[in-house]
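The values are calculated or read from the model by the stated rules, or taken from the named source; none is laboratory data. Computed from a predicted model, the values in this text were never measured in an experiment. All Cβ positions, glycine included, derive from the backbone under ideal geometry; neighbour counts span all protein chains shown.
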Amino acid sequence: MLIGCIVTYNDMPLVKSCIESIYDKVDRIVAIDGRYKDYPGSKWDSTDGTLEYLCSLDKADVISTLGYSELDKRNRYLEELDDGDIVLNLDADEVLVGNISKLESDFGIIDLRDGHSKGKKNRATRYFKYREGMRYKFVHYTLYLQNKQINNLHRVINPDYTYENVKDFYIRHDWHLRDQLRKHHKGQYYKKLLKIESGYPR
């Protein structure tokens, strides 16, 4: 199965655009909602309509979390997968552009394009074949299996896994469309997150 995996918290209306970009292209959606650990706010669940919107979708399994870090939330959606499922991982402020091609390798290296500029970067854990026991570890974008690191942010580094460069689709990051307060809160959270993760293998 092709599973769209999303972590979110108070992300309307961007999460709606995110979901609409993949809804007819995936078999199932797993959405992990909840305020991140160390993120500003007093409520654990989304309060801006995000939760209600996600719960209205037939394809979506919505899971509420309490005080999870970014890494914890990503591991939570991995717990919902079966061996061999294909993961398509988007943030709530991203949209998929193009048609999803079949993944012939273990990992697809895809483009992440900045919706505010012409910036383009490779991402190595946005499209991959899940293997039982895989977990994000140390850093929220590094996958491990049996304590062996598989990837870093941009590429697959473990020779036991195959990869291919994906050209049929890409992810557009629309962070700039958030309101100013949300951008401020997200920026402050990521400063804390990157400081916490800075001492770990990347």
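At a glance:
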quantity	calculated
Failed condition for Ala60, given (1) at pLDDT 95 or above; (2) under 26 Å from Asn158 (Cβ atoms); (3) of a type outside the set (Ser, Thr, Tyr)	(2)
Selection count, segment 145-176, where residues are exposed (fewer than 11 other Cβ atoms within 10 Å of the Cβ) and within 27 Å of Asp38 (Cβ to Cβ)	1
Helices (runs of 4 or more DSSP H) wholly inside segment 10-124 that include at least 2 residues being under 15 Å from the mean Cα position of the chain (by Cα) and touching a residue at least 12 places away in the same chain (Cβ under 8 Å)	14-22, 70-78
Number of the exception - Asp179 against (1) buried (at least 17 other Cβ atoms within 10 Å of the Cβ); (2) among the acidic types (Asp, Glu); (3) within 23 Å of Lys37 (Cβ to Cβ)	(1)
Which numbered condition Gly119 fails, given (1) of a type in the set (Gly, Ala, Ser); (2) loosely packed, with under 11 Cβ neighbours inside 10 Å; (3) in contact with a helix residue (DSSP H, G or I) (Cβ under 9 Å, 6 or more places away or on another chain)	(3)
Selection count where residues are loosely packed, with under 15 Cβ neighbours inside 10 Å and within 26 Å of Leu2 (Cα to Cα), scope segment 24-46	3
Single residue of Glu80, Glu20 found to be at pLDDT 95 or above and over 21 Å from Trp175 (Cβ atoms)	Glu80
Glu132 being among the acidic types (Asp, Glu), closer than 18 Å to Asp72 by Cα and assigned to a loop (DSSP other than H, G, I, E, B)	yes
Selected residue (only one of Lys137, Lys186, Lys129 is among the basic types (Lys, Arg), touching a Phe, Trp or Tyr at 6+ places or on another chain (Cβ under 8 Å), within 20 Å of Leu112 (Cβ to Cβ) and touching a residue at least 24 places away in the same chain (Cβ under 8 Å))	Lys129
Residue in segment 140-164 that is farthest from Phe107 (Cα to Cα), counting only those that are outside any loop (DSSP other than H, G, I, E, B) and of a type in the set (D, E, K, R)	Lys148
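Here's the yes/no breakdown for (1) crowded, with 19+ Cβ neighbours inside 10 Å; (2) among the charged types (D, E, K, R):
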| residue | (1), (2) |
| --- | --- |
| Leu57 | no, no |
| Ala60 | no, no |
| Ser64 | no, no |
| Gly67 | no, no |
| Lys73 | yes, yes |
| Glu79 | no, yes |
| Glu94 | yes, yes |
| Val97 | no, no |
